[in-house]
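Trainee: Below are the structure tokens for one structure; questions will follow.
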Amino acid sequence: MAKASANPAAPVVLVCGDDDFTVKQRAKVLYDQWCGELGGMDHEIVDAVAANTGDALGRLNKLRAALDTLPFFGGAKAVWFRDCNFLGEDRTASSAAVTAALTEFAEMLKGFKWDGVRLLISAGKPDKRRSFYKTLEKLGTVESFVALSADDKEWAGRAETEVLRLVRAAGKDISDDALGELVMRVGPNLRALASETEKLLLYVGDRAEVALTDVRTLTTRQKLAQAFALGEALGDRDLGKLMRVLDQELWEIRTGVDKKKSEIGLLYGLISKVRGMLMLKDLANTGVLKPVRDYNAFKTQMDHVSRSAGEGMPDDKRFNPLAGHPFVVFKTFNQSANYELPELVRAMDLLLGANVKLVSSGLDDAMVLQQALVDIVGLKPRRTVR
């Protein structure tokens, strides 16, 4: 989300942040708006991408020249210093020459006569300690956009809002279950979400609504969704799929494809999945949550339960079965029907036993995980999720 500061009426705007996609979008909209308001054809875009100190100094000189050049036929002028990448803390930005040039430029801006001139700067995440940033903050408006992150519990809501905006701008709608599936498949990446949404809109053609089947047919699972694939296979009680996904995960660990992954990390993800199913199974058995096929009906029910029983739920999201995204909770709740309550309790014991073996024994990690999952799922046919 954008965080704005300073005087919104000033002719200087800095659009910045680590959400590169939204920064570019917002800056483009603002520049087009200014060009429309000011009229004329003398507006300028100055490319601000710099590979080194010399490039950065050259870009600043071009910006200064653009500000000093009056429109040929008079009138007003908008200047966009686009995609500046030397306002942060990297090597180029930290060089003495660039720091001095930015400080000098900031002093020039303080005394600049803004009659008929507007300056827009779009950039990555800036160093807020620098005098240049502080000057822009005092002279005009700073709009800061933070990228979506899986660590932010509100990321899914923000992602859904952006998808809805894109879909409705195209004159179409998207069902709630399709929206939830799309966001969960793509994850906290607005650029990828925009790309996948555009593909879906082209795919549905003249139809008025994007359906769940469209998302499942067309949308690929991004990295975040793939990280949950092992837990999804366990929830589905699909032993064949579970072993295939486990082999893929173990291969990525052993070949170093994803250095953040580990066998113990896979185990903790499985424990989290079983814990979620166990708690939701208990809510179903006690009648707090009713089995429903429709996502909208479940979402309404979940909201009601969260309001009425919210004080009785743990603050820690890991232990609150209703704290996740509604679509994820909906899927986990339905998957819990594939197991009886004693089976889920036993699954927790098996996974905790596997934890001890991984940490303290010399057994092969892959064999420990495989044996635990076979014992949990069993060799019986997959049940039908309600």
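Trainee: Confirm whether ALA10 is touching a strand residue (DSSP E or B) at 6+ places or on another chain (Cβ under 7 Å), assigned to a loop (DSSP other than H, G, I, E, B) and modelled with pLDDT under 85.
Mentor: yes
Trainee: Can you tell me which of ASP214, ASP177 is among the acidic types (Asp, Glu), touching a Leu at 6+ places or on another chain (Cβ under 7 Å) and without any contact (Cβ under 8 Å) to a residue 40 or more places away in the chain?
Mentor: Just one listed residue meets the conditions, ASP214.
Trainee: Same structure again: Just to be sure I understand, how many residues within the stretch 28-55 are in contact with a Ser or Thr (Cβ under 7 Å, 6 or more places away or on another chain) and closer than 22 Å to ASP68 by Cβ?
Mentor: Selection size over the stretch 28-55: 1.
Trainee: Let me ask something else about it. Can you confirm whether GLU107 is closer than 28 Å to ALA65 by Cβ, assigned to a loop (DSSP other than H, G, I, E, B) and either in the same structural domain as ALA194 (by TED's automatic domain parsing) or not small (Gly, Ala, Ser) (or both)?
Mentor: Considered against the rule, which asks whether it is closer than 28 Å to ALA65 by Cβ, assigned to a loop (DSSP other than H, G, I, E, B) and either in the same structural domain as ALA194 (by TED's automatic domain parsing) or not small (Gly, Ala, Ser) (or both), GLU107 comes out as no.
Trainee: Given the criterion assigned to a loop (DSSP other than H, G, I, E, B), surrounded by 13 or more Cβ atoms within 10 Å (Cβ to Cβ) and of a type in the set (Phe, Trp, Tyr), identify the matching residue among PHE132, PHE112, PHE81.
Mentor: Just a single option satisfies the conditions, and that option is PHE112.
Trainee: Condition test on ALA156, is it touching a Leu at 6+ places or on another chain (Cβ under 7 Å), in a helix (DSSP H, G or I) and either assigned by TED's automatic domain parsing to the domain that holds ASN52 or over 22 Å from ILE45 (Cβ atoms) (or both)?
Mentor: no
Trainee: While we're looking at this one, here's another question. Could you tell me whether the stretch 133-140 includes any residue that is assigned by TED's automatic domain parsing to the domain that holds ASN52, more than 30 Å from PHE327 (Cβ to Cβ) and free of Cβ contacts under 8 Å to residues at least 60 places away in the same chain?
Mentor: Checked the stretch 133-140: at least one residue is assigned by TED's automatic domain parsing to the domain that holds ASN52, more than 30 Å from PHE327 (Cβ to Cβ) and free of Cβ contacts under 8 Å to residues at least 60 places away in the same chain.
Trainee: So, one more: Out of all the residues in the stretch 256-264, is one or more surrounded by fewer than 18 Cβ atoms within 10 Å (Cβ to Cβ), β-branched (Val, Ile, Thr) and without any contact (Cβ under 8 Å) to a residue 24 or more places away in the chain?
Mentor: yes
Trainee: Determine whether the stretch 139-152 contains at least one residue that is closer than 30 Å to ALA208 by Cα, touching a helix residue (DSSP H, G or I) at 6+ places or on another chain (Cβ under 7 Å) and modelled with pLDDT of 85 or more.
Mentor: no
Trainee: Could we say that LEU200 is surrounded by 15 or more Cβ atoms within 10 Å (Cβ to Cβ) and assigned by TED's automatic domain parsing to the domain that holds GLN370 here?
Mentor: no
Trainee: Within the stretch 224-243, is even one residue of a type in the set (A, V, I, L, M, F, W, C), more than 30 Å from GLU343 (Cβ to Cβ) and within 21 Å of the chain's Cα centre (by Cα)?
Mentor: No, the conditions are met nowhere in the stretch 224-243.
Trainee: Could you pull out the residue among LEU344, LEU363, LEU358 that is in the same structural domain as VAL288 (by TED's automatic domain parsing), closer than 14 Å to ILE264 by Cα and either assigned to a helix (DSSP H, G or I) or in contact with a strand residue (DSSP E or B) (Cβ under 6 Å, 6 or more places away or on another chain) (or both)?
Mentor: LEU358
Trainee: Continuing with the same structure: Looking at VAL117, VAL163 in this structure, which one is aliphatic (A, V, I, L, M) and under 27 Å from the mean Cα position of the chain (by Cα)?
Mentor: Checking each option against the conditions leaves just VAL163.
Trainee: For the stretch 288-316, which residues satisfy the criterion of being at pLDDT below 70 and either aromatic (Phe, Trp, Tyr) or not in a loop (DSSP other than H, G, I, E, B) (or both)?
Mentor: ARG307, SER308, ALA309, GLY310, GLU311, GLY312
Trainee: What number of residues within the stretch 18-32 are touching a residue at least 12 places away in the same chain (Cβ under 8 Å) and part of a helix (DSSP H, G or I)?
Mentor: The qualifying residues number 9.
Trainee: Same structure, new question: Within the set of pairs 6 or more residues apart or between chains, which connect a residue that is among the hydroxyl-bearing types (Ser, Thr, Tyr) inside the stretch 92-112 to a residue that is surrounded by fewer than 16 Cβ atoms within 10 Å (Cβ to Cβ) and outside any helix (DSSP H, G or I) with Cβ atoms less than 7 Å apart?
Mentor: From the stretch 92-112, the pairs are THR92/ASN52.
Trainee: Here's another thing I want to ask about it. Quick check on my filter: what residues within the stretch 35-67 are assigned to a helix (DSSP H, G or I), more than 25 Å from GLY124 (Cα to Cα) and either over 33 Å from the mean Cα position of the chain (by Cα) or of a type in the set (Phe, Trp, Tyr) (or both)?
Mentor: GLU37, LEU38
The values are calculated or read from the model by the stated rules, or taken from the named source; none is laboratory data. What you see is a predicted model; the values in this text were computed from it and never measured. Every residue, glycine as well, gets a Cβ built from its backbone with ideal geometry; the counts of neighbours run over all protein chains shown.
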